[in-house]
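Have a look at the structure below, then the notes.
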Amino acid sequence: MEPTESSGTPHEAQTLEDLRRENEGLRRRVAELEVPARRYRALYDAGVVSLQIYHDGYSAEANTTWAGLWGVRPEEIHGKYSLLEDAQVVAGGLLPLVEAAFHGGKATRLPTIRYDPVELAGYGSARWVASALVPVKGTAAPSEVIQLHLDVGELKHSEEALRAQKQELEAAVAERTAELAEQLRISEEQQRAIAALSTPVLRVWSGILAVPLIGHIDPDRAARVLDVLLQSITATSAEHVIIDVTGVPQIDAHAARHLRDTVRAARLLGAQCMIVGISGHTARMLVECGLDFEGVPTFATLQEGLRRLLSRRPERV
């Protein structure tokens, strides 16, 4: 019995089955491709990242975020602008990175730069951007490259503001340091003046010096007294020195030793010392400590000591 036309031959049935399977495979493949396509479209249309697409090295497509970022109509540069020929890219030393993406097929991050589209399109807004180049794989030298831009202007402005604040702070610190240095200089001058006032050496008569001491005698002050007195004896060729301790509230053992050393040093320069103004309490303390001033005249007041000196020597001018 001959097979009917509707049933077809076994060969035709096999062909139909192959076509059905191929069709199902194509549908699965399309479904698989739709996933990355939707992802790419979501990124392209999200309005967060600027995307620009290059075909054969020239701008061919850009999303609305790119147009909003630069303030340039994309269609005006398509087929005319090449990142490989951009003067700002070349001047910024970025060309090797760009060539690695366009010619070598290597995904590349570009350093953050300030790009001005005015030099490209004659208008637009300059922006600080971070960007990356992503070649679309398929051939050894990709014909399509995607560039992503991320506006970092606010971050850059914050960085510049911080830099400006740092400079202002450094200037303020430098100014304050100069003020403190000047205050320190004035303070040191005042301390020197106070030190000089606290250790006065007075020429009360020809050949006679008086050293009126006021306040506590510590080691530093005793050293200043000795230094100033020896300089004054040398400068005036003084023969007598009256050390007046009336203004010293308390002379302890340490202060007494300093006074004794001062008397001995003055004697080495040929000047005889007397001490006036020693109180009864101080006298007892000196005796108890064995710190007598043997051979050193002592008087209750400066007037008595000066009167004794003047009565024993002829008047000198």
Quick one: if you stick a label point 7 Å off each Cα along the C-beta vector at H11 and T177, how many nm between them? 9.8 nm
Quote the charge dipole size of segment 197-317 about the Cα centre in Debye, to the nearest 20; the model charges only the Cβ of Lys and Arg (+1) and of Asp and Glu (-1). 360 debye
Let's see if you can work this out: charge +1 on each Lys and Arg Cβ, -1 on each Asp and Glu Cβ, no other charges. What is the dipole magnitude of the chain about its Cα centre, in debye to the nearest 20? 2460 debye
Taking a virtual spin label 7 Å from the Cα of E76 along the C-beta vector, which residues in segment 107-151 bring their backbone nitrogen under 15 Å of it? 116-126
Can you tell me how much longer the chain between L202 and A130 gets when fully stretched, taken as 0.36 nm per residue apart minus their C-alpha distance, in nm with one decimal? 18.0 nm
Taking Y54, Y123, Y81 and counting other beta carbon atoms within 10 angstrom, the fewest-first order is Y123, Y81, Y54
Along the charge dipole of the chain, Cβ charges K/R +1 and D/E -1, which of Q88, H78, L269 sits furthest on the positive end? L269
For G57, net neighbour charge (Lys/Arg +1, Asp/Glu -1) across residues whose Cβ lies under 13 Å away: -4
Divide the volume of the convex hull of the Cα atoms of segment 44-141 by its number of residues and quote the answer in cubic angstrom per residue. 94 Å³
Dividing the helical contributions, -39500 (n - 2.57) per DSSP H run of n ≥ 4, by the residues of the chain yields a 222 nm value, nearest 500 deg cm²/dmol, of -16500 deg cm²/dmol
Which of V211, V263, V30 fluctuates most in a GNM of the chain (C-alpha springs under 10 Å)? That residue is V30
If you plug each phi of segment 54-69 into the Karplus form 6.51 cos²θ - 1.76 cosθ + 1.60 with θ = phi - 60°, what whole-Hz ³J(HN,Hα) values come out, in order, with x for Gly and Pro? 10, 10, 6, x, 10, 4, 10, 7, 7, 8, 5, 5, 4, 4, x, 5
Taking the Cα-to-Cβ direction at E34 and at E288 and moving 7 Å from each Cα, how far apart do the two end points lie in nm? 11.2 nm
Report Rg/Rh for the chain, rounded to two decimals, where Rg is the Cα radius of gyration and Rh the Kirkwood radius. 1.69
If L184, L209, L230 are placed from fewest to most neighbouring beta carbons inside 10 Å, the sequence is L184, L230, L209
Taking neighbour counts of Cβ atoms within 10 Å as a proxy for exposure, in what order, fewest first, do M285, M274 appear? M285, M274
Roughly what angle does helix 302-311 make with the longest principal axis of the chain, taking Cα atoms, 0 to 90 degrees, to the nearest 10? 50 degrees
Per the 1/(1 + (r/R0)^6) rule, R0 = 45 Å and r from the Cβ atoms of E304 and S187, FRET efficiency to 0.05 is 0.65
Please compute P(r) over all alpha-carbon pairs of segment 199-311, binned at 5 Å starting from zero, and give each bin as a whole-number percent. 2, 12, 25, 26, 21, 10, 3, 0
Rounded to the nearest 5, what % of DSSP beta bridges with both residues in the chain are antiparallel? 70 percent
Once R0 is set to 25 Å, what does the formula 1/(1 + (r/R0)^6) return for the Cβ-Cβ distance between D218 and T246, expressed as a FRET efficiency to the nearest 0.05? 0.85
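Values quoted throughout were computed directly from the atomic coordinates according to the rules given, and no laboratory measurement underlies them. What you are looking at is a predicted structure, and each value in this text was computed from that prediction instead of being measured. In this analysis, Cβ positions are derived from the backbone assuming ideal geometry, glycine residues included, and neighbour counts consider all displayed protein chains.
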